[in-house]
Amino acid sequence: MGSTRSITDRAGLRTLLGFALVAGALAGCTSAQPGPENAAKALAGALSSGDLSDSGLSDADAATAAAVRETAFAELARWTPAVSVQAVAVDESDEDKAVVTLAHTWDVDSGDVDWTYTTTAKFTRVDGEWQPAWSPSMLAPDLTAEEVLSVSRDRAERGDVLGAGGAVIVEDRPVVRLGVDKTRVTDAVGQDAAARELAAALEIDADAYAARVAAAGEKAFVEAIVVRTGDPAYDVATLSALPGVNPVPDTLPLAPTRTFARPLLGAVGPAPAEIVEGSEGAIVAGDLTGLSGLQKQYDEQLRGNPGLTITATAGPANRVLFHVDPRAGEPLALTLDPALQQSAEELLAPVAPASAIVALRPSTGEVLAAASGPGGEGLSTATLGTYAPGSTFKVVSALALLRNGLTPDSPLSCPSTTTVDGRSFANYPGYPASALGEIPLRAALANSCNTAFIGARETASQQALADAAASLGLGQEIAVGFPAYLGAVPSSAEGTDHAASMIGQGKVQASPLAMAVVAASVARGERVVPQLVTSADAVQAPSATPLAPAEAEALRSMMRSFVTDGGGTFLLDVPGEPVLAKSGTAQFGAQDALRNHTWMIAVQGDLAVAVFVEEGDFGTTTSGPLLEAFLRSAAG
């Protein structure tokens, strides 16, 4: 018994000792005071947000710190610093004192440039609470209460817009800024008179410009217009001689002419308020930005990053805290051929209605010209116009018929008129009587017989039309790197809607770009995806039945027949390779006052062209001469 009792006593002793050790450890944990880490995080958060009430500072110091921070950082207000705790060091000789290292990061541009630095804050533990000691130097390196931070920007060189072969399209070109300089006319009456006289000479809103002049500062220069040097539309010398007017030389990124591809390229100018506000500090008032078109779409690439200098200033003394040199924008490389684009624009200049000429290189899909006439009033008619393609769509209908058993020599009936569900369809006025009756598909396309194609509608369903269109690139819903509408062909339609679709009307829609793609796809023998921006990601177009070699050859031969034996004989003597073509006329408007959209598409060698005029007579008579002139110009 004694031996057993001794063992039990020793076990009990070990248990008691264990309880004592645990109790001692717990007592040590509860008696240890917290470190300054949480207080340091609170200060970092307050310095980030600017709300110093939660910084741990006394009320008086928090108010002082907030005032100093607001004044010192006034020019940095568009940015918010990210402040974090980098390190905490407790004084080995006095555990109630600590130094905290704070890491500051300012995202000062839209790229990867950050302004980073560290500051320190001293903490003291008072009654168990860690409190920071206020110093302006915790805001920025060695900052004093008298210093403020100022920001200066050095504008980056904007990237050029390049065309085929690296030809410069848009680059800095000399301009003159014309406006009233209020230091030249100091009294309000004289300034108002000067503003109105300049506005009248420029034919701009006099009341609006006079109001802008009146609202500007007493020494302001109030710009009225920017004129490219040498622009014959403005007599800069006469305008500069008007009272109070100051001509200010400058440069702006401009194309070769005022109209060159403007609806497509867009414009560059001082950033408006909405762009500044939406840029999250990347753009400030006065910066040049893209305002429309490709200049706006690719603005971040083109504008680069400005140089930036942040200086701490107190009176005449200043210290540079941060500097980064400007980084020039990257060029935007396009496939446009400047000579072809200029030729197309000169041809369209006298055309009053909206109009367009689009030229593609079938072998690559490169857009060589995308010209929109002045009648479009700034819209890129060439790439975004939405119109019924008329009989140019018969190339698509012919493909659908080929796929359903016909050949170019298959007979079709071509009466003067045909009726579908009570609606009468006719051929165009002046349709040749020799091409009426039973004619082959080739002749129906060459002479553009509406009734023959409508009469064959049972051979090509609406779905067959949509599939054929997709094979030729029409109706693609894809992002191609620039604003583009590639048409739409409904996959279901019956009765008169299906009949109208056979001749490119009804709900069939296309842009000049889309019809140029159709012509290019016929030439290449496979579906073409247009390319304008060389750096744009490769586009995977939606699936479509590939164009068979025999189908492409049949379409090419029928388009050639349009030139040799149909409505396009005026193209027979165009220099260079044989021209393949198809005309189109699409009616629109009220039934008692119908008007015509006029079209031409053509292929010559490795060139595919679409010509469109919103309102004209017929494809061959209105758009045809424009096509012929363009092809002759391209042949050089």
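The values are calculated or read from the model by the stated rules, or taken from the named source; none is laboratory data. What you see is a predicted model, and the numbers here were worked out from it, not measured in a lab. With ideal geometry, Cβ positions are generated from the backbone for all residues, glycine too; neighbour counts draw on all protein chains shown. Side chains are part of the model used for accessible areas, which takes the heavy atoms of the whole protein and leaves out ligands, DNA and RNA. Shrake-Rupley method; radii C 1.70, N 1.55, O 1.52, S 1.80 Å.
Annotation note: Cβ proximity below 7 Å between a residue of the stretch 514-528 that is more than 15 Å from Ser557 (Cα to Cα) and modelled with pLDDT of 95 or more and a residue that is open to solvent by 10 Å² or more (accessible area, probe 1.4 Å) and of a type outside the set (Gly, Ala, Ser) (sequence gap 6+ or interchain) occurs for Ala514/Tyr485; Glu526/Pro546; Glu526/Leu547; Arg527/Leu547.
The set of residues from the stretch 572-614 being of a type in the set (Asp, Glu) and closer than 21 Å to Glu346 by Cβ comprises just one member, Glu614. Take the conditions (1) modelled with pLDDT of 95 or more; (2) closer than 30 Å to Gly266 by Cβ; (3) buried (at least 18 other Cβ atoms within 10 Å of the Cβ); Leu139 misses just one of them, which is (2). Within the stretch 274-286, the residues that satisfy the criterion of being modelled with pLDDT under 90 and surrounded by fewer than 18 Cβ atoms within 10 Å (Cβ to Cβ) are Glu277, Gly278, Ser279, Glu280, Gly281, Val284, Ala285, Gly286. The residue that is farthest from the chain's Cα centre (by Cα), among those in the stretch 589-636 that are open to solvent by 50 Å² or more (accessible area, probe 1.4 Å) and hydrophobic (A, V, I, L, M, F, W, C), is Ala593. In the set Leu445, Leu441, Leu399, Leu384, only one residue is touching a residue at least 12 places away in the same chain (Cβ under 8 Å), of a type in the set (A, V, I, L, M), farther than 19 Å from Glu494 by Cα and open to solvent by 20 Å² or more (accessible area, probe 1.4 Å); that residue is Leu384.
Before we move on, is Thr418 in contact with a Gly (Cβ under 9 Å, 6 or more places away or on another chain) and among the hydroxyl-bearing types (Ser, Thr, Tyr)? Judged against the criteria, Thr418 is a match.
Residues that are surrounded by 15 or more Cβ atoms within 10 Å (Cβ to Cβ), of a type in the set (Val, Ile, Thr) and over 30 Å from Arg595 (Cα atoms) within the stretch 312-355 comprise Val324, Thr335, listed in sequence order. Restricting the stretch 500-531 to residues that are under 28 Å from the mean Cα position of the chain (by Cα) and surrounded by fewer than 24 Cβ atoms within 10 Å (Cβ to Cβ), the residue that is nearest to Tyr387 (Cα to Cα) is Gln509. Of all residue pairs spaced 6 or more apart or on separate chains, those with beta-carbon atoms under 8 Å, a first member in the stretch 340-352 that is over 12 Å from Thr259 (Cα atoms) and a second member that is surrounded by fewer than 21 Cβ atoms within 10 Å (Cβ to Cβ) and not hydroxyl-bearing (Ser, Thr, Tyr) are Leu347/Ala629; Val351/Pro374; Val351/Gly375; Ala352/Gly375.
Summed over the stretch 405-421, the residues that are loosely packed, with under 14 Cβ neighbours inside 10 Å and either of a type in the set (Asp, Glu) or in contact (Cβ under 8 Å) with a residue 60 or more places away in the chain (or both) give a count of 3.
Counting only strands (runs of 3 or more DSSP E) that sit completely within the stretch 119-185, those holding 1 or more residues that are over 30 Å from Ala67 (Cα atoms) and in contact with a strand residue (DSSP E or B) (Cβ under 6 Å, 6 or more places away or on another chain) correspond to 168-181.
For residues in the stretch 158-181 being within 29 Å of Arg212 (Cα to Cα) and among the aliphatic types (A, V, I, L, M), which is surrounded by the most Cβ atoms within 10 Å (Cβ to Cβ)? Ranking the qualifying residues of the stretch 158-181, first place goes to Val180.
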